[in-house]
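What follows is a short report on a single structure.
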Amino acid sequence: MCGIVGILNSNSLKTESIDILKKLEYRGYDSAGLSLFSQKRIKTIKSVGKISALEKKIKSISDKPFDGVIGHTRWATHGVVSRNNAHPFYDDNLTLVCNGIIENYVKIQKFYKEIPNDIESDTEVAFYFLSYLLNKYSNPDSALKIFKKTIKGNYAFVIYIKKNKSFYLLKSGSPISLSQNKKIFYVCSDSSILSDYHDKIYHLKDNDFLKINKDKIINLKNNEPIIFEKNLKSLNSYDKGTFQHFMLKEIHEQPNVLKDTQQRYDKEYFLDFDTKFSDLVNSDKIILVGCGTAYHAAMIGEYYFNKLTSCDVSCEHASELRYKKLPNKKCLFIFISQSGETMDTLMALKYVKKNSHKAVVITNSLQSTMVREADLTIPTYAKKEVGVASTKAFTCQILSLANLSLQIGKIDKSINISQYNKYLKSLKSLPTKLNKLINDFTPVAKKISKKIALADACYFIGRNIGYPIALEGSLKLKEISYMHSEGFAGGEMKHGPIALIDKGTITICIIPNNELYEKSLSNTQEILARNGRVVILSSLILKKNSGTLDTPQLPKENFIDTPFIYTIPLQLISYYFALSEGTDIDQPRNLAKSVTVE
Ligand code: AGP
């Protein structure tokens with residue numbers, strides 16, 4: 001994971017690098033650091049915690065004498081969170097930062113006695129290894145070639161070597177892009193950030209090995225010139241407005257971004273669906289793939305496809321798919337990723353492509369690596385999502401899957417035109433319905449969050465399409481509040497999880513008004529019978545039994561809009577509970593927005 005930045009020859013190295021690091025903080029915020037460098041010296045400052053801590057530390061340093069800077073924000077993989085393990089790693093001649101994992105670092109560490117054996121960080125081992133090679137070989141390019149040949153893993157390195165005043169970029173797997181304007185260069189692990197600086201960009205390809213010296217760039221991989229392309233202007237907004245947290249702002253933005261996304265689908269994207277998406281319609285099997293919240297969207301997609309189309313459909317965790325044998329049938333894989341950079345999803349995408357299957361990506365990031373790797377992209381228009389907990393990107397992913405399954409269902413005649421029109425109409429009326437829901441449910445969420453505060457653990461149950469909603473509700477609660485939480489399929493409770501229930505637990509029961517509501521109510525009774533407390537979310541008017549803490553009534557739903565109507569209340573409950581717990585809601589502990597390691 002981690003975010004990296006590099007700037008050469010700009011007049012405001014410090015301000016710009018801190019600015020970019022703040023934008024990169026979503027990739028990790030365990031520690032941060034930067035090295036300012038010139039032909040004469042390297043000055044490195046590191047600190048534990050967020051970029052604001054680093055910013056304070058460098059206040060008194062002048063960047064005038066320096067020609068360039070490299071900076072890093074870390075999400076710890078190997079080695080504890082500490083100042084020592086923060087990047088850059090440096091000595092008098094060399095400074096480097098890395099995003100990714102060096103998989104063979106233990107072997108390298110054992111093999112070279114020059115590398116201290118008590119180092120835990122894979123990047124620090126790489127640093128000592130390169131430093132050793134630079135001492136051994138008089139030509140830094142030769143040392144770097146051996147370095148690159150030896151290290152294995154998914155990584156992107158930015159390196160400055162004082163001896164030959166050169167700046168190097170190495171890529172294998174992890175994203176890194178370069179922009180240039182005359183003598184000024186910017187390097188960043190998020191290309192969309194660079195569009196604020198330059199309009200031309202080069203996305204490094206795997207095994208690229210760039211050397212920048214003065215204003216010259218050489219690709220040591222093949223000595224071929226690199227070709228810059230136009231960088232799309234990003235619409236990123238890093239402004240919370242009047243909201244206390246990005247997460248709350250993003251919950252409230254959902255009606256608008258869903259409206260935008262639906263309008264784009266109606267007016268441009270899903271026009272001529274059968275010609276544009278013939279692969280989707282003609283494949284023998286559809287497999288939906290994602291991680292975390294995006295995996296929950298995939299599960300919801302599976303219920304949509306299963307009910308509305310005749311497709312053979314299933315879903316997979318990206319991290320598992322990559323190590324499975326793929327079916328022999330003609331499969332279409334639909335990858336779902338807000339960032340388009342999640343390493344597990346990206347590697348799974350590359351794996352299915354290598355095995356000659358088609359890959360579609362549903363993503364919120366049109367400049368991402370997955371877009372460049374997939375056969376087809378279906379964009380979501382959620383705009384920049386800053387909060388680590390995904391909210392609006394998730395509901396836009398569901399909207400995308402709802403539209404896809406409706407289109408396919410119409411073509412394969414699993415649904416008739418009046419069902420198609422009815423469902424499409426309900427997707428179009430979501431914004432109005434959800435605006436009212438957010439307003440009406442906010443005080444209810446505050447009330448429920450106070451009850452959760454008295455519990456030892458909080459569980460979520462649902463059946464059918466309510467099951468992935470329960471999983472997502474539980475993920476949201478645990479990631480931002482750190483409360484112990486699990487999500488279960490309602491029918492599974494009696495097969496084991498019900499043993500967890502006692503009077504200290506609260507279970508939030510998702511009970512839409514569908515053909516399974518009576519069975520879901522029975523699952524609730526089973527919990528109440530064991531002294532568990534419950535909160536029931538339903539559009540039905542329900543009687544409160546003893547042990548039922550609350551039964552807020554939700555708007556009437558149908559099959560297609562159920563996930564939206566039940567997810568938003570869960571987002572609000574998690575948010576207000578985390579707020580009362582005083583956690584860092586937008587950047588919860590141990591997490592990062594974009595998970596770019598396997
Ligand atoms: C969501 O709240 C999570 N922080 C996380 O599960 C996320 O959805 C997952 O890492 C996938 O990210 P992506 O959509 O960018 O691929």
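Numbers below:
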| item | result |
| --- | --- |
| Residue order, fewest to most surrounding Cβ atoms within 10 angstrom, among Lys107, Lys148, Lys113, Lys171 | Lys113, Lys107, Lys148, Lys171 |
| Within region 320-422, GluC sites (Glu not before Pro) in DSSP loop having at most 13 other beta-carbon neighbours inside 10 Å | none |
| Candidate aspartates and glutamates - alpha carbon under 17 Å from Lys325, same-chain residues fewer than 8 apart omitted | Asp284, Glu316, Asp344 |
| In degrees, nearest ten, helix 562-581 long axis to first principal axis of the chain (Cα) | 60 |
| Whole-Å distance, taken between Cα centres, linking region 9-62 and region 378-453 | 40 |
| Calculated FRET value between Glu224 and Lys324, using beta carbons and R₀ = 30 Å, to 0.05 | 0.25 |
| Loop-resident sites, region 503-598, for trypsin sites (Lys or Arg not before Pro), counting at most 16 other Cβ within 10 Å (DSSP) | Lys503, Arg530, Lys543, Lys544, Lys556, Arg589 |
| Least to most buried among Asp199, Asp344, Asp272 (fewest other Cβ within 10 Å first) | Asp272, Asp199, Asp344 |
| In region 226-282, trypsin sites (Lys or Arg not before Pro) in a DSSP loop with at most 12 other beta-carbon atoms within 10 Å | Lys233 |
| C-alpha center-to-center spacing [region 487-559, region 296-342] in angstrom | 29 |
| Region 569-595 and region 167-211: distance between their alpha carbon centers, rounded to Å | 32 |
| Hz values of 3J(HN,Hα) by residue in region 377-384 - Karplus curve (6.51, -1.76, 1.60), Gly and Pro given as x | 10, 10, x, 10, 10, 7, 6, 3 |
| Nonlocal amide H pairs with Gly153, under 5 Å, H built at 1.01 Å | Glu103 |
| 5 angstrom amide H check on Ala457, placed H, neighbours 5+ away | Ile506 |
| Residue-by-residue Karplus 3J(HN,Hα) for region 282-299, coefficients 6.51, -1.76, 1.60, Hz, glycine and proline x | 9, 8, 7, 8, 10, 10, 9, 10, x, 10, x, 4, 5, 5, 5, 4, 4, 5 |
| In degrees, nearest ten, helix 517-528 long axis to first principal axis of the chain (Cα) | 80 |
| Chain lengthening between Gln419 and Lys216 when straightened (0.36 nm per residue, less Cα-Cα) | 67.0 nm |
| Computed over region 222-328: relative contact order in percent, which uses C-alpha pairs under 8 Å that are six or more apart | 17 |
| Gained length - Asp118 relative to Lys544, 0.36 nm times residue gap less alpha-carbon distance | 147.3 nm |
| Residue-by-residue Karplus 3J(HN,Hα) for region 107-115, coefficients 6.51, -1.76, 1.60, Hz, glycine and proline x | 4, 4, 4, 6, 6, 9, 5, 6, 8 |
| Förster-model FRET efficiency, 35 Å R0, Lys428 and Leu232, C-beta, rounded to 0.05 | 0.80 |
| Net +/- balance of residues flanking Gln587 in space, Cβ distance below 14 Å, scoring K and R +1, D and E -1 | +1 |
| Order of Lys183, Lys149 - criterion: other Cβ atoms within 10 Å of each residue's Cβ, fewest first | Lys149, Lys183 |
| Rounded to whole Å, sorted largest first: equivalent-ellipsoid semi-axes of the chain, Cα gyration tensor | 45, 27, 22 |
| Cα-based shape type of region 221-379, given that a ≥ b ≥ c are square roots of the gyration tensor eigenvalues and the cut on a/c is 1.5 | oblate |
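Taken together, the values in this text are just the output of simple stated rules run on the coordinates, not laboratory data. Fair warning: this is a prediction, and the values are worked out from it, not measured in the lab. Cβ: placed from backbone, ideal geometry, glycine included. Neighbour counts: every protein chain shown.
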